[in-house]
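The values are calculated or read from the model by the stated rules, or taken from the named source; none is laboratory data. Nothing here was measured: the structure is a model prediction, and the numbers come from that model. Virtual Cβ from ideal backbone geometry, glycine too; neighbours counted across all protein chains shown.
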Amino acid sequence: MTENIYVVGHKSPDTDSVTSAIAYANLKAQLGVKEAVAAAAGNVNNETKFILDHFGLAAPMVLTDAAGKKVILVDHNEVGQAVDNVMQGDIVEVVDHHKIGDIQTGKPIFFHNEPVGATGTIIASLYEQNGVAIPKAMAGIMMSAILSDTVLFKSPTCTEKDKAAVSKLSQICGEDPMKFGMEMLKAKSDIKSKSALDILMGDFKKFDFSGTKAGVGQIEVMDLADLTPKRAAILDEMKKKADAEKLDMIVLMLTDVMKEASDLLFVGNAASAAGFEKAFGGKLANNSIYKEKCLSRKKQVIPPLESAFKK
Ligand SMILES: [Mn+2]
């Protein structure tokens, strides 16, 4: 029996992580690497479920521990965001669009990282580079990933390459990108069924800012007012999580995709609060700082935090 190679994205999997794993496993299989298996580092969220259902695909198997396993990491390259024991596994490849993190390997590997809006854009170009036709469902989920990660092209992370990829993929899958994108956003914004903990952990990543241990999450909604009734409960969960995981601070971006603004909720110790205020040039009021024109954790929240805590 040949050993499986698990293609897997980050914990608290978002659409780009899940669909990149499925599409890259499909490309690998078409290239003759039959042992590639799509996996997700957790259960899929409402938006991803909507997309997979729409294109007739099942959610991938859940992989939580990489010890002793061959893995291809997609959409992340930081140990803190990867499945447990990733360094005790065998990382054979990385395909990502984030800053270079702390993943290390004992031998040279294929490491493909590009500063584009979504891993889906890179994987679509890998189909092309390999001369492999993109199946309709794969085109649909990669298009969805790009629209999701770039918030329908509004995020500052969006590049011309992402737009060109969506244009090509939409022709293959037969969906109008903006119309389908709005349906996706509606599925994502449906927070009625979500607990405060679901809202905090739905898209949560850990970072180390020069020794300050942080968690930074994001929830995107079409109207921030929908979150107001849950605000106090969310702050409670943030405090509990910071204590349980011994984090110095937790930031949760409550992002209004229509207004293109984020309310940055904060809990943490005094030193972290000072760093947070420095990073965003404001004073914490009622546990938050409101930022206009702020959609991207990767480009607008992580870099200022990194510089504010730099020693
Ligand atoms: Mn991504």
**Asked** Would it be correct to say that L197 is under 22 Å from V44 (Cβ atoms), more than 16 Å from the chain's Cα centre (by Cα) and surrounded by fewer than 17 Cβ atoms within 10 Å (Cβ to Cβ)?
**Response** yes
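Quick one: which residue in G101, G106, G89 is of a type in the set (G, A, S), at pLDDT below 95 and more than 16 Å from the ligand (Cβ to nearest atom)?
Values: G101 fails: more than 16 Å from the ligand (Cβ to nearest atom); G89 fails: at pLDDT below 95.
Exactly one residue qualifies, and that residue is G106.
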Those residues of the range 242-275 which are assigned to a loop (DSSP other than H, G, I, E, B) and in contact with a Leu (Cβ under 8 Å, 6 or more places away or on another chain) amount to V257, K259, E260
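For residues in the range 239-260 being touching a Gly at 6+ places or on another chain (Cβ under 8 Å) and closer than 19 Å to K192 by Cα, which is surrounded by the fewest Cβ atoms within 10 Å (Cβ to Cβ)? So that I can check it myself, show each step before the final result.
Going through the range 239-260, the residues touching a Gly at 6+ places or on another chain (Cβ under 8 Å) turn out to be 241-242, 245, 247-253.
Filter again for closer than 19 Å to K192 by Cα, leaving 252-253.
Numbers: L252: 30, M253: 21.
Residue satisfying both the conditions and the ranking: M253.
Conditions tested, residue by residue: (1) within 16 Å of the ligand (Cβ to nearest atom); (2) more than 19 Å from A58 (Cα to Cα); (3) surrounded by 15 or more Cβ atoms within 10 Å (Cβ to Cβ); (4) touching a residue at least 24 places away in the same chain (Cβ under 8 Å).
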residue	(1), (2), (3), (4)
F110	no, yes, no, no
N113	yes, yes, yes, yes
G120	yes, no, yes, yes
I123	yes, yes, yes, yes
A133	no, yes, no, no
A145	yes, no, yes, yes
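Before we move on, is A137 away from the ligand (no atom under 16 Å from the Cβ), among the small types (G, A, S) and within 18 Å of S17 (Cβ to Cβ)? Full working, then the answer.
Numbers: away from the ligand (no atom under 16 Å from the Cβ): yes; among the small types (G, A, S): yes; within 18 Å of S17 (Cβ to Cβ): yes.
Against the criterion (away from the ligand (no atom under 16 Å from the Cβ), among the small types (G, A, S) and within 18 Å of S17 (Cβ to Cβ)), A137 qualifies.
Filter the range 147-176 down to residues that are among the aliphatic types (A, V, I, L, M) and farther than 22 Å from G9 by Cα and give me whichever is surrounded by the most Cβ atoms within 10 Å (Cβ to Cβ). Before the answer, list the steps.
Of the range 147-176, the ones among the aliphatic types (A, V, I, L, M) are 147, 151-152, 164-166, 169, 172.
Imposing the further condition that a residue be farther than 22 Å from G9 by Cα reduces the set to 164, 172.
Values: A164: 13, I172: 18.
So, considering only residues that are among the aliphatic types (A, V, I, L, M) and farther than 22 Å from G9 by Cα, the one surrounded by the most Cβ atoms within 10 Å (Cβ to Cβ) is I172.
Only one residue in V44, V33, V37 is surrounded by fewer than 22 Cβ atoms within 10 Å (Cβ to Cβ) and part of a strand (DSSP E or B). Which one?
Details: V44 fails: part of a strand (DSSP E or B); V33 fails: part of a strand (DSSP E or B).
None of the other options fit; the residue is V37.
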Picked from the range 47-81 (must be under 26 Å from M182 (Cβ atoms) and surrounded by fewer than 16 Cβ atoms within 10 Å (Cβ to Cβ)), the residue farthest from the ligand (Cβ to nearest atom) is G56
* Test H10 against the stated conditions and say whether it is in a loop (DSSP other than H, G, I, E, B), within 16 Å of the ligand (Cβ to nearest atom) and either touching a Leu at 6+ places or on another chain (Cβ under 9 Å) or touching a residue at least 60 places away in the same chain (Cβ under 8 Å) (or both). => no
Within the range 147-177, residues of a type in the set (A, V, I, L, M, F, W, C) and within 16 Å of the ligand (Cβ to nearest atom) come out as L147, V151, L152, F153, C158, A165, V166, L169
